[in-house]
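Student: Sending over a structure as C-alpha cells; questions will come in a sec.
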Amino acid sequence: MLACLKASRTSRSMRAALAAGCVVAIAPGCSRPPRLAADLVITRANVWTGDPLRPTAEAIAVIGDRIAEVGGADDIERWRGPATTVVDAGGRRLVPGFNDAHVHFVDGGTQLDNVDLKDAGSQEEFARRIAERAKVKPGEWILGGEWDDQRWTPAQLLTRQLIDDRTNGTPVFVSRYDGHMALANSAALGRAGLTEQTQDPPGGVIVRDANGFPTGVLKDAAMELVNRAVPKMTPEQRLRAVKRALEHAASLGVTSVQDMNPGYDDIALYADLANRRELTARIYAAPMETGWYDQAKLGLHRAFGSSWLRLGAVKGYADGSLGSTTAYFFQPYTDAPQTRGLLSDEMQDVGQMRTRLMAADYAGLQLCIHAIGDAGISQILDLFDDVVRANGERDRRLRIEHAQHIAPKDFDRFAQLKVIASVQPYHAIDDGRWAERRIGAERIKTTYAFRTLVDKGVRLSFGTDWPVAPLNPMLTLYAATTRATLDGRNPNGWVPEQKIGIVEAMAAHTSGSAFAEFQEVEKGTVARGKLADMVILGEDVFNIPAARIKDVKVLTTIVGGRVVHQRNP
Ligand SMILES: [Zn+2]
C-alpha cells in the first residue's frame, strides 16, 4: 500500500491510491463516489503546526507517508475508515519532527555501542563493566569509555592488571572523558606492538611501572600508538552503529538528520537501508568538500535523491575549535596570547579552497563550511562572496556550520549573502562555562549570538554535532531559550541578551533545518501535503518554564506516517 502512495504531492498520492484501489472505504449502499480513508488519524492533539498561516489544530489525517489534512476534530473524523489506525494524543502537544542539521551519525551510533564508563563510581565497577562486555563479544575491541578517575577515592591511576585477567585475549582501549588519556590492556598493547622498548612519541607519554614496563595508560600523542592497531569498522559494525543511531534518533523525536562528513561506505549503507525501507530518519549527507568532484561528475546537485536519502552538499572546514584553541580569531586568545588559532589544512592555500568552492557551487552542490573563530567565519564569508560574484545570484543556501564567534561587522554580511547559520545551542551551555576565560568579556557578547542573528534576518537551523553534544532536541531547545550553563553558574543565562524564545527555537529545529537542506516544501511543518513526520511530547514545551524543557520526553515519533517510537507518559 505504501508503494502506491510514494508520489510527491497529496493529490498525486490520492490519484495513485484510487488507481490502485487501495485505502478506499465505501459506505454500503451509497452511490457517492468512493471516499478516501486515512491510513492514520491522530486525534485530540494540541498541534503546533509551525505554519504561521494556520498555527494550531486538533487532529491530523495521513495517507501513506503524507499529511492529507490538518484541522479540527470534525474535519478529520470524516477521514476515518475501517482500516484506519487511530492515535489518541490525549490532549498532548504535537509538533513537527525534529530535524538535526549537523550530526556525525555513524560516530554517534558507534558511541552508543561502546562501553560506557562515565558514571563508574569505583575501579571495581570500571573493571566489572569491561569484563561484562568482554563476555558478550569476546575478541572484539572494547572502545569508548569516558572514565573519570576523579570519581574514585582515592583518585588512582588505572593499570592494565586491573582488567587483564578478566578480558584475556579481548583487546581493550578505553579513554578518559577528556580524551587526553586512555587505558589499554595487555592484549591491546600486544596488537599495537607496544613494549618496554617503545619510546615515548613527541607530545605523548607511555606511563611505566618501576621496572619500565607500560602500565597501559597512554597520554596524548602516545594514544595513537594503540589507535593505529584498532581495525577499521566492518560492514556489520557499521550496520549496527547506524541501526543504534536510528533507534536513538526515533526515541528522541529526531525524524531528519543532516550527516556531516560521512564516508562513502556510510552513504552506501544508508542507500541500502533506504531501499529496504529500514530508515526511520531521513538523511541528507554532506561528504567532505575536497571530494566535491565525486558528486559533481555524477551530476548530483543540492538535495538530490529521495525523501529518505539525499546528497548534493559538501562539508568543509575553515578552522578548529575553541576548546583546543584552534578556532581562528582576529586577536589572540585571552588565555593563550601566543596564538590566535589556526586555519584548517584545506585553508592553508586559500586560493585552492576558493577554486574548489567555486567549482562545487558551479556544479550545483550546496556548501556547508565549519567556521568557529571570528576570523575563520569572516574568511568564509569572503569566499562565499567570491562564489556569488563568480557564479551569479541564485538560491544556493550557503551555510556556515557552528558560526560560534561572529565579529560584529559580519552580522550584516551574513544577512546580505543569505548565509544560513547552522548552529548547535548545546555548545553554548557547555563552552559557556569557560569561554570567557578563553576569549574575554568583549568577544563573548557575539558568541552563539542567536538573538542578534534572528534580529538581523539571518536564517537559523539547529543541530547538535552529535556525538559531540547529545542528540536530544529538548536539550537544544533548553540551551537556546535559557543559556543556563551546565555548571549551574548562570541560571538566568550566560550572555542572556542572546536568548531566543521557544517558538523561534522550535522553528529553527524544524522548518529552519528543513530550509537549510532545501526541503521546506516537503517537511518542517505540519501541513497538508507534507511528509507525515511528527512528534507527540510528554509536556507542552510552549507552556512550561524554560528551565524544565530539558526534562520533556518524546512519547510518540511518527516518520512518514509510521509510528517508529512509542513510550508511556
Ligand atoms: Zn561536526
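The values are calculated or read from the model by the stated rules, or taken from the named source; none is laboratory data. Given the structure is predicted, the values throughout are model-derived calculations rather than measurements. Note that each Cβ is placed from the backbone with ideal geometry, even for glycine, and that neighbours are counted across all protein chains shown. Surface areas here come from the heavy atoms of the whole protein model, side chains and all, with no ligands, DNA or RNA. Shrake-Rupley method; radii C 1.70, N 1.55, O 1.52, S 1.80 Å.
Student: Based on what the data block shows, is Lys297 under 22 Å from Gln366 (Cβ atoms) and charged (D, E, K, R)?
Tutor: Spelling it out, Lys297 is indeed under 22 Å from Gln366 (Cβ atoms) and charged (D, E, K, R).
Student: Of all residues being assigned to a helix (DSSP H, G or I) and of a type outside the set (A, V, I, L, M) in segment 340-356, which is surrounded by the fewest Cβ atoms within 10 Å (Cβ to Cβ)? Just the residue, please.
Tutor: Among those residues, the one meeting the criterion is Gly351.
Student: Could you say whether any residue in segment 274-294 is part of a helix (DSSP H, G or I) and closer than 24 Å to Thr510 by Cα?
Tutor: Among the residues of segment 274-294, at least one is part of a helix (DSSP H, G or I) and closer than 24 Å to Thr510 by Cα, which makes the answer yes.
Student: Sort out which residues of segment 167-205 are at pLDDT below 95, in contact with a helix residue (DSSP H, G or I) (Cβ under 6 Å, 6 or more places away or on another chain) and open to solvent by 30 Å² or more (accessible area, probe 1.4 Å), and write them in order of number.
Tutor: The answer is Gly169, and nothing else.
Student: Looking at segment 520-559, which of its residues are part of a loop (DSSP other than H, G, I, E, B) and buried (at least 22 other Cβ atoms within 10 Å of the Cβ)?
Tutor: Lys523, Gly524, Thr525, Val526, Lys530, Ala532, Asp533
Student: Next question. Identify, by number, the condition in (1) in contact (Cβ under 8 Å) with a residue 40 or more places away in the chain; (2) surrounded by fewer than 20 Cβ atoms within 10 Å (Cβ to Cβ) that Arg208 doesn't meet.
Tutor: The one condition Arg208 does not meet is (1).
Student: Separate question: Tell me yes or no: at least one residue of segment 377-390 is open to solvent by less than 50 Å² (accessible area, probe 1.4 Å), more than 25 Å from Thr452 (Cβ to Cβ) and either within 16 Å of the ligand (Cβ to nearest atom) or not in a helix (DSSP H, G or I) (or both).
Tutor: no
Student: Kindly list the number of the only condition in (1) part of a helix (DSSP H, G or I); (2) in contact with an Asp or Glu (Cβ under 9 Å, 6 or more places away or on another chain); (3) surrounded by fewer than 24 Cβ atoms within 10 Å (Cβ to Cβ) that fails for Asp412.
Tutor: Asp412 satisfies all of (1) part of a helix (DSSP H, G or I); (2) in contact with an Asp or Glu (Cβ under 9 Å, 6 or more places away or on another chain); (3) surrounded by fewer than 24 Cβ atoms within 10 Å (Cβ to Cβ) except (2).
Student: Consider Arg489 against the criteria (1) open to solvent by 50 Å² or more (accessible area, probe 1.4 Å); (2) within 16 Å of the ligand (Cβ to nearest atom): it satisfies all of them except one. Which criterion is unmet?
Tutor: It is condition (2) that Arg489 fails.
Student: If you don't mind, another one. Answer yes if at least one residue in segment 267-280 is touching a Phe, Trp or Tyr at 6+ places or on another chain (Cβ under 8 Å), within 16 Å of the ligand (Cβ to nearest atom) and farther than 21 Å from Leu357 by Cβ, and no otherwise.
Tutor: The answer is no, given that none of the residues of segment 267-280 is touching a Phe, Trp or Tyr at 6+ places or on another chain (Cβ under 8 Å), within 16 Å of the ligand (Cβ to nearest atom) and farther than 21 Å from Leu357 by Cβ.
Student: Within the bounds of segment 119-127, is there any residue that is open to solvent by less than 30 Å² (accessible area, probe 1.4 Å) and either within 16 Å of the ligand (Cβ to nearest atom) or under 27 Å from the mean Cα position of the chain (by Cα) (or both)?
Tutor: Yes, segment 119-127 contains at least one residue that is open to solvent by less than 30 Å² (accessible area, probe 1.4 Å) and either within 16 Å of the ligand (Cβ to nearest atom) or under 27 Å from the mean Cα position of the chain (by Cα) (or both).
Student: Moving to a separate point now. Considering only strands (runs of 3 or more DSSP E) fully contained in segment 46-111, which possess at least 1 residues that are buried (at least 24 other Cβ atoms within 10 Å of the Cβ)?
Tutor: Filter on segment 46-111 gives 46-48, 59-63, 66-71, 93-96, 98-103.
Student: I'd like to know if segment 335-345 contains one or more residues that are more than 16 Å from the ligand (Cβ to nearest atom), over 28 Å from Asp266 (Cβ atoms) and acidic (Asp, Glu).
Tutor: Checking segment 335-345: at least one residue is more than 16 Å from the ligand (Cβ to nearest atom), over 28 Å from Asp266 (Cβ atoms) and acidic (Asp, Glu).
Student: What tally of residues in segment 430-483 results from selecting those that are buried (at least 20 other Cβ atoms within 10 Å of the Cβ), away from the ligand (no atom under 14 Å from the Cβ) and in a loop (DSSP other than H, G, I, E, B)?
Tutor: Adding up the residues that qualify gives 7.
Student: If you don't mind, there's one more thing I want to ask. Check off (1) modelled with pLDDT of 95 or more; (2) open to solvent by less than 20 Å² (accessible area, probe 1.4 Å); (3) more than 22 Å from the chain's Cα centre (by Cα) for Pro262 and give me the number that stays unchecked.
Tutor: Result: Pro262 passes all but (3).
Student: For segment 415-426, which residues satisfy the criterion of being in contact (Cβ under 8 Å) with a residue 40 or more places away in the chain and in a helix (DSSP H, G or I)?
Tutor: Listed by number, the residues that qualify are Ala415, Pro425, Tyr426.
Student: In addition: Under the condition of being within 16 Å of the ligand (Cβ to nearest atom) and in contact with a Leu (Cβ under 9 Å, 6 or more places away or on another chain), which residue from segment 83-110 is farthest from Glu522 (Cα to Cα)?
Tutor: If we take residues in segment 83-110 being within 16 Å of the ligand (Cβ to nearest atom) and in contact with a Leu (Cβ under 9 Å, 6 or more places away or on another chain), then Thr110 is farthest from Glu522 (Cα to Cα).
Student: Looking at this structure, is Arg399 among the basic types (Lys, Arg) and within 16 Å of the ligand (Cβ to nearest atom)?
Tutor: yes
Student: A further question on this structure: Against the definition (in contact (Cβ under 8 Å) with a residue 60 or more places away in the chain and closer than 14 Å to Gly373 by Cα), how does Arg399 come out, yes or no?
Tutor: no
Student: Follow-up question, since we're still on this one. For segment 296-307, name all the residues that are in contact (Cβ under 8 Å) with a residue 40 or more places away in the chain and either in a loop (DSSP other than H, G, I, E, B) or of a type in the set (Val, Ile, Thr) (or both).
Tutor: Of everything in segment 296-307, those that are in contact (Cβ under 8 Å) with a residue 40 or more places away in the chain and either in a loop (DSSP other than H, G, I, E, B) or of a type in the set (Val, Ile, Thr) (or both) turn out to be Leu300, His301, Arg302, Ala303, Ser307.
Student: Still on this model: Among all residue pairs at least 6 apart or on different chains, which show Cβ distances below 6 Å where the first residue, located in segment 450-479, is at positive phi and the second is open to solvent by less than 10 Å² (accessible area, probe 1.4 Å) and assigned to a loop (DSSP other than H, G, I, E, B)?
Tutor: So the pair list comes out as Asp465/Gln424.
Student: Of the numbered conditions (1) without any contact (Cβ under 8 Å) to a residue 40 or more places away in the chain; (2) within 16 Å of the ligand (Cβ to nearest atom), Pro262 satisfies every one except a single condition; which is it?
Tutor: (1)
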